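Working notes, beginning with the structure itself.
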Amino acid sequence: MGPLAGLRIVELAGIGAGPHCAMMLADMGADVVRVDRLTASGLGVPIDAKFDLLLRGRRSLAVDLKSEAGRDTVLRMIDQADAVIESFRPGVVERMGLGPDVCLSRNPKLVFGRLTGWGQNGPYAQMAGHDINYIALSGVLHAIGSRGGLPVPPLNLVGDFGGGAVYAAFGIVSALLHAQRTGQGQVVDAAMVDGAAALLTMVVGFQRGGIWSSQRGDNIVDGGAPYYAAYETSDGRFVSIGAMEEKFYELLLTKLNLGDDANMRPHTDRSRWEYQRDRFKACFLTRSRDEWCAVLEGTDTCFAPVLTIDEASSHPHLKARKTYVDLNGVNQPAPNPRFSVTPSASSMPPASLGQHSREVLADWGIASEAIEKLCSSSVVFQAN
């Protein structure tokens, strides 16, 4: 099932953005095999395998890539693959004997997807880093936070996943289309620092055009504008409003009984923003979050309650959309986006290390005698 059904992809196991990219492709129907090392690696956060959701949708082959037999086994799989995903520092897979030059010489149609924080070249290329560092260098982190406060990391959504995994998946699929048309494979260099900068394109345009301040919390979509912000309610919860357009703003004033206050207009007058924010703040504190939902939901005031993850998964709109679904006994975000002809679904739970080693090798054409030898010599690990 899914628009990528029939594609075979080898994922050289990493953490964070790499697995997210592989999950996206598997969600779309690609047969993605995760080539794990013999010992698990990660961020050091203990978690039951069933909740390691980034690993859903694909099988695990555990192999010793430091051994010649292990490397040769993976190369035989890459010979048959449509794409490879790796998320190591530049030069690591080359030292393993699995670099793009080797792989493309054997399989000229191969798409070799490389996902790193800093990219394959540049002064920072060999430095360790994490999401917060990549979005800091790209200009994103400086723009996020309250006025006068510290920059606030937006979880690890912008660097790892938005700027990294999503752009890598888009690049791999684009290169696969090119390979299908021309028979020519290529290397995709996806860097989180580049992707984070690309996500900032609209804001960069605003800044270059003189309508965006470098001061945090001073702009229309960074919490600076009182009509695009979150406000606390009487029960200590929060609501969001985003009434940027005049007609939506006027409706919001009417619903909040603030329409008679001349100082609430125009909402584009920055000199009135502090006053307008104070009025909104005092107003929203008069009712609970759910009471405001009763007043504003279903209107064009550009309103939504601020929900926790648990609340979001059970909200009527997201339930109607099946945005969160129960897969393999765990409630989680559904594969996305949706397709009218080739619906996607991730039916396979996150795999434990080496859970499918024998099965994968057999499916990829490795003889049973060779599989037994690989397992008995501890080149390949098969979990019970």
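What the table shows:
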{"read-out": "Helix axis angle, 167-182 relative to the chain longest principal axis, alpha carbon, degrees", "value": "50 degrees"}
{"read-out": "Ranked list, fewest to most other Cβ atoms within 10 Å of each Cβ, for Y249, Y134", "value": "Y249, Y134"}
{"read-out": "Cα convex hull volume per residue for the stretch 188-313 (Å³)", "value": "155 Å³"}
{"read-out": "In degrees, nearest ten, helix 246-255 long axis to first principal axis of the chain (Cα)", "value": "70 degrees"}
{"read-out": "Extension gain, E94 back to R265 (0.36 nm per residue minus Cα-Cα distance, nm)", "value": "55.4 nm"}
{"read-out": "17 Å reach of a label modelled at K50, 7 Å along Cα-to-Cβ, counting backbone N of the stretch 319-337", "value": "325-333"}
{"read-out": "Inter-centroid distance (Cα atoms) of the stretch 290-350 relative to the stretch 229-252, Å", "value": "21 Å"}
{"read-out": "Value of Rg to Rh for the chain (Rh from inverse mean 1/r over Cα pairs, i.e. Kirkwood)", "value": "1.05"}
{"read-out": "D (Stokes-Einstein, µm²/s), Kirkwood Cα radius, the stretch 298-384, 1.306 mPa s at 10 °C", "value": "93 µm²/s"}
{"read-out": "Alpha-carbon Rg with Dmax, taken over the stretch 1-89, Å", "value": "13.0, 36"}
{"read-out": "Entries in K50/K322; K66/K373; K255/K281 that, when Cα-Cα distance is taken, lie over 23 Å", "value": "none"}
{"read-out": "FRET efficiency, 1/(1 + (r/R0)^6) with R0 25 Å, evaluated for N121 and S174 via beta carbons", "value": "0.75"}
{"read-out": "Stretch gain in nm, segment N336-K373, where the contour uses 0.36 nm per residue and the Cα spacing is subtracted", "value": "9.3 nm"}
{"read-out": "Magnitude of the charge dipole, the stretch 228-320, Cβ model with Lys/Arg +1 and Asp/Glu -1, debye to 20", "value": "120 debye"}
{"read-out": "Computed [θ] at 222 nm, helices only, for the chain once each DSSP H run of length n ≥ 4 contributes -39500 (n - 2.57)", "value": "-9500 deg cm²/dmol"}
{"read-out": "Exposed-loop-free span, longest in the chain, where trypsin sites (Lys or Arg not before Pro) count as exposed if DSSP calls them loop and at most 15 other C-beta atoms lie within 10 Å", "value": "148-321"}
{"read-out": "Dipole of the chain, positive direction: furthest Cα of A282, F339, G242, with charges on the beta-carbon", "value": "F339"}
{"read-out": "Other-chain or far-sequence residues with amide H under 5 Å of V188's (modelled H)", "value": "F112, G113, R114"}
{"read-out": "Segment I15-S240, length gained on full extension (0.36 nm per residue, minus Cα span)", "value": "77.7 nm"}
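Every number here is computed from the coordinates shown, using simple stated rules; none is lab data. These figures come from a predicted structure and were not determined experimentally. Here the Cβ is made from the backbone with ideal geometry for all residues, glycine too, and neighbour counts use every protein chain on show.
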